[in-house]
Amino acid sequence: MREEQTKTTTERLIFHVDVNSAFLSWESVRRIQEGLPDLRDIPACIGGDPTKRTGIVVAKSIPAKKCGVQTGEPVAMALRKCPNMVIVPSDFDLYVRCSRAFKKICASYTPVMESFSIDEVFLDMTGTSLLYPDPIAAAHEIKDRIYEELGFTVNIGISTNKLLAKMASDFEKPNKVHTLFPEEIPEKMWPLPVRELLFLGKASEKKLIKAGIRTIGDLAHAREADIQTLIGKKNGHQLYQYARGIDDSPVKAQPDEAKGFSAETTFNEDIISIEQVNPILLAQCDIVAARMRRKKKKCTSVSVTFRTLEFRNRSHQTKLPNATDVTDEIYHCAKQLFRESWKGEPLRLIGIAVTGLTEDDFEQLSLFEDPEKKEKSRKLDAALDAIRQKYGNDKVTRASILNGTQGIARKAKAQMKNDDNIRKNIKH
DNA sequence: CTCGGCATCCTAT
DNA sequence: CTAACGATAGGATGCCGAG
């Protein structure tokens, strides 16, 4: 057996657990509980309103996939391929609950679990051989227990590092366990198209194919220096290592500290006047500033982003003289950045981001700040944060409070609602 | 020259 | 017909001005 041959002090055993069509599966579980048909058996997807330009397919059933429906495509386009497809709006609160239950089961098999996304975890099973002598049997146990207790299927990939485990979990779906041990790489990984390698996206694929590198095996057998010339020094090195199955990154039980927060919104109607812009920026600043306060962080840098009708993106950022978590200060900065960079072209998207996060240890007083004004802003922030605490985080925005008193704020709120499933109006 | 800041691009869920 | 289509996050890269 391979245990005997390859057992060394450094050999690891890593599982990657991936919920099959997560959002759709989770919706299906709820619907079955309500006596409704199983979305997984019919052409169905989780997606936005097809009449809106923000409406895209977020998750699809296998029958919908057979119709040619692809994740990320506009719902309107998917409907042309698959006219009888059922479209279900997303319910992020449900997904968070399902995700927690899923991760709780996974975590019971090892103390070293990394939450990779809402529906994926890595498990470091190294050293669990006394409890689970057969890794494949252990994976089946995890998979089957999730299905029995929670009603949805997962794929599990098994190998000696995260990359290979993740590649393995992406093999045949659903409800499957696959291995991709190093000795299986030539047979199972090298024949795949380069695009299937983790972190090898569309742009790199295009360059590699142009150079005649089509499969992961082609990449693994190329000269590293050539790859670096094609797709960059660092990326070239990393993807070359990946193609050979090399990945030493640890399973991180503790998530990294957030490096920044952002909020962006695509609108159904073009943004053409600064009167439309400001309430949007305020709402977005409010969201990211509230997040900073909740995480006890302050930012030292603010940036605004926008997208024209031709999908040209522009961004503009600046450093702050002092770290802050005050909504009004970020808003003031964002307004100025926007004014400086917008030439007045119609826009379909506006967003802001804060970066350069620091611990919000102590009050840094600037000589140029007005302490009374700052105190007022803080009190307003605190009042809204208290309401958020009561009604649920992210469910209260300044725009929703302003609803009815200001036409533009109402409009901004209506537009924001359509693409943020977490945020809901405080009323009704 | 190097370094930090900035704009843009790439990739993932 | 094309590409991107969506929100959020993180990283890489190339340019530019300051020292």
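The values are calculated or read from the model by the stated rules, or taken from the named source; none is laboratory data. Bear in mind that the values here come from a model prediction, so they are computed numbers and not experimental data. Glycine also receives a Cβ, built like all others from the backbone with ideal geometry; neighbour counts cover every protein chain displayed. With ligands, DNA and RNA removed, areas are computed over all heavy atoms of the protein, side chains included. Shrake-Rupley method; radii C 1.70, N 1.55, O 1.52, S 1.80 Å.
Laid out as a table, the results:
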{"read-out": "Per-region count, region A:130-170, residues hydroxyl-bearing (Ser, Thr, Tyr) and under 20 Å from A:Lys188 (Cβ atoms)", "value": "3"}
{"read-out": "Sole exception among (1) within 12 Å of DNA strand C (Cβ to nearest atom); (2) surrounded by 20 or more Cβ atoms within 10 Å (Cβ to Cβ) for A:Ala64, by number", "value": "(1)"}
{"read-out": "Residue identified as more than 22 Å from the chain's Cα centre (by Cα), surrounded by 22 or more Cβ atoms within 10 Å (Cβ to Cβ) and modelled with pLDDT of 90 or more among A:Val251, A:Val277", "value": "A:Val277"}
{"read-out": "Test for A:Thr128: is it of a type outside the set (Lys, Arg) and in contact with a Pro (Cβ under 6 Å, 6 or more places away or on another chain)", "value": "no"}
{"read-out": "Residue that is farthest from DNA strand C (Cβ to nearest atom) [pool: residues in region A:241-260 that are over 30 Å from A:Asp218 (Cα atoms) and in contact (Cβ under 8 Å) with a residue 60 or more places away in the chain]", "value": "A:Ala253"}
{"read-out": "In region A:280-305, residue surrounded by the most Cβ atoms within 10 Å (Cβ to Cβ) [restricted to those that are β-branched (Val, Ile, Thr) and more than 11 Å from DNA strand B (Cβ to nearest atom)]", "value": "A:Ile280"}
{"read-out": "Selected residue (only one of A:Phe199, A:Phe152, A:Phe171 is part of a loop (DSSP other than H, G, I, E, B), closer than 25 Å to A:Pro255 by Cβ and away from DNA strand C (no atom under 16 Å from the Cβ))", "value": "A:Phe152"}
{"read-out": "Among (1) more than 16 Å from DNA strand B (Cβ to nearest atom); (2) modelled with pLDDT of 90 or more; (3) crowded, with 17+ Cβ neighbours inside 10 Å, the one test that A:Met113 misses", "value": "(1)"}
{"read-out": "Hey, A:Ala290 in a loop (DSSP other than H, G, I, E, B), touching a Lys or Arg at 6+ places or on another chain (Cβ under 8 Å) and either within 11 Å of DNA strand C (Cβ to nearest atom) or within 30 Å of A:Asp381 (Cα to Cα) (or both) or not", "value": "no"}
{"read-out": "Enumeration of residues in region A:306-340 that are within 12 Å of DNA strand B (Cβ to nearest atom), assigned to a strand (DSSP E or B) and surrounded by fewer than 21 Cβ atoms within 10 Å (Cβ to Cβ)", "value": "A:Arg307, A:Thr308, A:Asn313, A:Arg314, A:Ser315, A:His316, A:Gln317, A:Thr318, A:Lys319, A:Leu320, A:Pro321"}
{"read-out": "Filter result for A:Ile231 (within 14 Å of DNA strand C (Cβ to nearest atom), under 23 Å from A:Asp170 (Cβ atoms) and among the β-branched types (Val, Ile, Thr))", "value": "yes"}
{"read-out": "Whichever residue in region A:218-245 is in a loop (DSSP other than H, G, I, E, B) and out of contact with any strand residue (DSSP E or B) (no Cβ under 9 Å at 6 or more places or on another chain) and, among such residues, is farthest from DNA strand B (Cβ to nearest atom)", "value": "A:Arg223"}
{"read-out": "Failed item in (1) away from DNA strand B (no atom under 13 Å from the Cβ); (2) under 20 Å from A:Glu11 (Cα atoms); (3) hydroxyl-bearing (Ser, Thr, Tyr), with A:Thr153 passing the rest", "value": "(2)"}
{"read-out": "Tabulated pairs, region A:81-98, first free of Cβ contacts under 8 Å to residues at least 40 places away in the same chain, second among the small types (Gly, Ala, Ser), C-beta under 8 angstrom, 6+ apart or interchain", "value": "A:Lys81/A:Gly68; A:Cys82/A:Ala64; A:Cys82/A:Gly68"}
{"read-out": "Index of the failed condition, A:Asn268 passing every other in (1) part of a strand (DSSP E or B); (2) within 15 Å of DNA strand B (Cβ to nearest atom); (3) open to solvent by 10 Å² or more (accessible area, probe 1.4 Å)", "value": "(2)"}
{"read-out": "Count - residues of region A:193-217 that are under 20 Å from A:Phe171 (Cβ atoms), more than 9 Å from DNA strand B (Cβ to nearest atom) and open to solvent by less than 60 Å² (accessible area, probe 1.4 Å)", "value": "4"}
{"read-out": "The lone exception for A:Arg348 - which of (1) over 17 Å from A:Ala289 (Cα atoms); (2) within 13 Å of DNA strand B (Cβ to nearest atom); (3) buried (at least 17 other Cβ atoms within 10 Å of the Cβ) it fails", "value": "(2)"}
